[in-house]
Amino acid sequence: MVAQGCEVANHTFDHTLMTKVSPTDLANQLVATNQVVSDACGISPVLMRPCGGAKTDAGMNIAGAISMPAILWSVDTLDWKTRDASQTIQTVLDKVKDGDIILMHDLYDATGDASETIIPELVKRGFQLVTVSELSSYRGGMIPGKSYSQFRLVKTNEK
């Protein structure tokens, strides 16, 4: 992932829902995952994605305490449910807007197949595919302990 330029993030050690564990257990999950990922690839994640998008104030406080923003999504392909490449393609291409974060799961062949159509089409439409941290840096940054599902371009009224 690192060699491909992907952003490596934290999704908990045991795919734990933030809403189902104590703050201490969540902290242990996040810290353990950061260590394992760091040991494997030399990068310690700076972002986390709450499993299932489930979050609590206490859990977000834990993420903030270890300097991690939470990343959600604005386009959910439901690829894990449909496992249908054409449905995933249609969902993305019908819904995507500038600044969106698209949720897809790379463990399904259909998702990989869909990516082969989605990526060139997004580029053709003028989208630039970047990591979440890159997108955030262009759109005002992130704050640890806060969650983000998109990074829209803010237009200002200039005189």
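The values are calculated or read from the model by the stated rules, or taken from the named source; none is laboratory data. What you are looking at is a predicted structure, and each value in this text was computed from that prediction instead of being measured. Every residue, glycine as well, gets a Cβ built from its backbone with ideal geometry; the counts of neighbours run over all protein chains shown.
Does any residue of region 73-95 turn out to be in contact (Cβ under 8 Å) with a residue 12 or more places away in the chain, in a helix (DSSP H, G or I) and closer than 20 Å to D14 by Cα? Yes, the conditions are met somewhere in region 73-95.
Being surrounded by 14 or more Cβ atoms within 10 Å (Cβ to Cβ), in a helix (DSSP H, G or I), polar (S, T, N, Q) and touching a Lys or Arg at 6+ places or on another chain (Cβ under 8 Å) holds for only one residue in T19, T33, and it is T19.
Restricting D84, D98, D94 to those that are modelled with pLDDT of 95 or more, under 30 Å from E121 (Cβ atoms), more than 15 Å from the chain's Cα centre (by Cα) and surrounded by 17 or more Cβ atoms within 10 Å (Cβ to Cβ) reduces the list to D84.
So that you can scan it fast, the table gives a plain yes or no per residue for (1) aliphatic (A, V, I, L, M); (2) in a loop (DSSP other than H, G, I, E, B); (3) under 16 Å from the mean Cα position of the chain (by Cα):
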{"site": "E7", "(1), (2), (3)": "no, yes, yes"}
{"site": "T24", "(1), (2), (3)": "no, no, no"}
{"site": "P45", "(1), (2), (3)": "no, yes, yes"}
{"site": "G59", "(1), (2), (3)": "no, no, no"}
{"site": "I62", "(1), (2), (3)": "yes, no, no"}
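Among the residues of region 96-117, count how many are in a helix (DSSP H, G or I) and under 25 Å from H15 (Cβ atoms).
Initial filter on region 96-117 (in a helix (DSSP H, G or I)): 109-117.
Filter once more, so that each one left must be under 25 Å from H15 (Cβ atoms): 109-115.
Residues meeting the conditions: 7.
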